[in-house]
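Below is one structure, written out as structure tokens, with a few remarks after it.
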Number of protein chains: 2
Amino acid sequence: MEPGERAPSVTIRDVARAAQVSPATVSRVMNRRSTVDVELARRVQQAAASLGYHPSVVAQGLARGRTELVSILVPDLGNPMFQSVLRGISRAAGVEGYRVLVTDSHEMPLEEPFLAQETRLRTDGLVLCSPRSHDQELLELAGKLEPFVLVNRHVEGLLAPMVAVDYAAGIRALVAHLAGLGHRHVAYLSGPMASVSNQERLDTLHASAEGRFELTVLECGSMHEDGYEAADRALGTGATAIIGYNDLVALGALGKFHAIGVSVPDEVSVVGFDDIAFARYASPMLTTVAVPQEALGEEAWQRLSAVLRGEEPPADVCFTPRLEVRQSTARVPR
Amino acid sequence: MEPGERAPSVTIRDVARAAQVSPATVSRVMNRRSTVDVELARRVQQAAASLGYHPSVVAQGLARGRTELVSILVPDLGNPMFQSVLRGISRAAGVEGYRVLVTDSHEMPLEEPFLAQETRLRTDGLVLCSPRSHDQELLELAGKLEPFVLVNRHVEGLLAPMVAVDYAAGIRALVAHLAGLGHRHVAYLSGPMASVSNQERLDTLHASAEGRFELTVLECGSMHEDGYEAADRALGTGATAIIGYNDLVALGALGKFHAIGVSVPDEVSVVGFDDIAFARYASPMLTTVAVPQEALGEEAWQRLSAVLRGEEPPADVCFTPRLEVRQSTARVPR
DNA sequence: TTGTATGCGTTATCAC
DNA sequence: GTGATAACGCATACAA
């Protein structure tokens, strides 16, 4: 065989010939369809085995009209939050024989619509995770993306199933916790501007901080580095407590404080968001708002799966995150 | 349309009819093939646009004999090391228009051969990452998996391209570092028994510890929890330095020591392996052996890509990891 | 129960 | 340059 040449794969016809039956019968045996004479079935099995036959998934996909593949698009594969969602979907889908095709938009909102369509065309359905696009854009795109489900985002008027998190509730719990500890000046390390959940956290923060403490917002980002870099700026504002956009940012801040000899939580309190696995193993253990990440993925799959079966998907769900008080928060220093 | 019914997708024929040309011409236009009369091309473009036509990727796959999809199989999607490799592949492949289908074997070595074959059949090629199977099994499987490349594993006699890491060199650097700090009793938190790289680390450890320090090996695992759980056991052996199977384990141990008030590195030194992003932001910053994770993925893609093009792949590569001395190691306490 | 024939949506070969 | 037509490999309605 020349390099680049097509490998001569063994087809259903080859098996049929070897077993002296029709291709249809081979197909029936391979798919455990209807009742095939046991003797014929045996011959087919044997022929298939000895020829090393495997049905072409692509041909099956074309003939059946489905690939048993679903796509997931995430803003950043490097973020443990999305990795967990991916895991949840991958695991749940795997049980039903579906595989997952993953695409990373690398936090480039403008690429999102194209990538979403592109990857969607390759599979039976799509999970759109924390899309950074505007509501309007998603509404226009929806028709081309169906069937799909939305994770970590709510869009009014969209008929796609949604799996969301009540970030506002999480923020309120956080605010109550910090206010209860006596903090009167809090800094928020803001995430990507395109992140809708960042916007939601910001709005809720402003609203619920009112009358409880002064709030300073600092542009930051979504990665370790961003938190590390922003930590002393935050401290410079006079804040006694710092809320990270997510755990990555909070952990980055923790790292910086440790590096410059600022004690947490004695001199400053730090909290995160998501409760990624590392939050629990940080020093000090990070107080954070726990989002059920793998569950998000599982619920997303349940809905996509239902739609793929032509059934009515379960109702939209909105998880209420749980405040996980650990060691990175304490009473305000006096 | 009834639920479950097939969506009536617009086909190449619909476009041909609308543009009053043959399907062949439409195909030529869509693929920018040969020279098509500019007027006809315009009509086709327009018809395609107004009908919202997108070529069926599945049908293209069948006709062209390739899907522009590759698979990656990893032992644990929850491990940042594999996530980084996945990212590296995903990014590199994406540039050439290839998408990545990811499968997680959930550290179940027995499932691996089946999953590898299954996922391979769905795509044009496979990246086998840190397979837990025995050499013999891989050798027997090889024929069914081609084309594929091996990451983080070397198998004698296998003609598949390989991208590996010289773990022995990493361990030797670690041993020299710890011995130089005066440590005379070291504990190794051992990873999954099925992990070949764990075995390699273990062997090298035994060999190079000889005459420098006493070595105690404790069964542990590959996750945070495992390290957290094993940390005080390790301390109980009288070891003054602890080597984790990977950063996750080391970070878990760090967490435990912080929880029980054991100071790192004053009372005990801790080192990891891989240099995941979190290692740098831990408190104290984790001394570890840096493995170029995304580069592994990129190199893997380069080789798979070459084979897919029918070219000779680049020679096997073996990265020498770099010792990253940070703050979790210090002179032995006296 | 089993085989025949057709369709799935493209690409590619070959005449025109 | 352009259009029939035959693969591509399988599933399935229908006939036997």
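The values are calculated or read from the model by the stated rules, or taken from the named source; none is laboratory data. All of these numbers come straight from a predicted model, not from anything done at the bench. Don't worry about glycine lacking a Cβ; one is built from the backbone with ideal geometry, like all the others, and counts go over all protein chains shown.
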- Item | Scan of the range B:32-69 for residues that are within 12 Å of DNA strand C (Cβ to nearest atom) and acidic (Asp, Glu), ordered by number | B:68
- Item | Condition check for residue B:257: farther than 13 Å from residue B:187 by Cα, within 12 Å of another protein chain (Cβ to nearest Cβ) and in contact (Cβ under 8 Å) with a residue 40 or more places away in the chain | no
- Item | Boolean, residue B:124 is charged (D, E, K, R) and under 13 Å from the mean Cα position of the chain (by Cα) | no
- Checking residue B:133 against (1) of a type in the set (Ser, Thr, Tyr); (2) in a helix (DSSP H, G or I); (3) more than 10 Å from every other protein chain (Cβ to nearest Cβ), the condition it does not meet: (2)
- Query: In the range A:100-115, is there at least one residue being small (Gly, Ala, Ser) and closer than 22 Å to residue A:303 by Cα?
  - Reply: no
- Message: Can you tell me which of (1) at pLDDT below 95; (2) more than 9 Å from chain A (Cβ to nearest Cβ); (3) part of a helix (DSSP H, G or I) is the one residue B:139 doesn't meet?
- Response: (1)
- Query: Does residue B:300 satisfy being at the interface with chain A (Cβ under 10 Å from one of its Cβ atoms), crowded, with 21+ Cβ neighbours inside 10 Å and among the small types (Gly, Ala, Ser)?
  - Reply: no
- Restricted to the range B:107-123 and to residues being crowded, with 18+ Cβ neighbours inside 10 Å and more than 10 Å from chain A (Cβ to nearest Cβ), the residue farthest from residue B:70 (Cα to Cα) is B:107
- For strands (runs of 3 or more DSSP E) lying entirely in the range A:152-226, having 3 or more residues that are surrounded by fewer than 20 Cβ atoms within 10 Å (Cβ to Cβ) picks out A:214-219
- Query: Just a yes or no: is a residue in the range B:93-105 assigned to a loop (DSSP other than H, G, I, E, B) and at the interface with chain A (Cβ under 8 Å from one of its Cβ atoms)?
  - Reply: no
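For every residue, the table says whether it meets (1) surrounded by fewer than 22 Cβ atoms within 10 Å (Cβ to Cβ); (2) modelled with pLDDT under 95.
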position	(1), (2)
B:54	yes, no
B:60	yes, no
B:67	no, no
B:70	no, no
B:81	no, yes
B:85	no, no
B:89	no, no
B:97	yes, yes
B:105	no, yes
- Candidates A:226, A:274, filtered to the one that is closer than 30 Å to residue A:92 by Cβ and modelled with pLDDT of 95 or more: A:274
- State yes or no: is residue A:277 within 14 Å of chain B (Cβ to nearest Cβ) and more than 21 Å from the chain's Cα centre (by Cα)? no
- Message: If I ask for residues that are of a type in the set (Val, Ile, Thr) and either free of Cβ contacts under 8 Å to residues at least 24 places away in the same chain or within 27 Å of residue B:58 (Cβ to Cβ) (or both), which ones from the range B:102-158 would you list?
- Response: B:102, B:103, B:119, B:123, B:127, B:149, B:155
- Filter result (in a strand (DSSP E or B) and touching a Phe, Trp or Tyr at 6+ places or on another chain (Cβ under 8 Å)) within the range A:273-295: A:273, A:288, A:289
- So residue B:270 fits all but one of (1) outside any strand (DSSP E or B); (2) within 12 Å of chain A (Cβ to nearest Cβ); what number is the exception? (1)
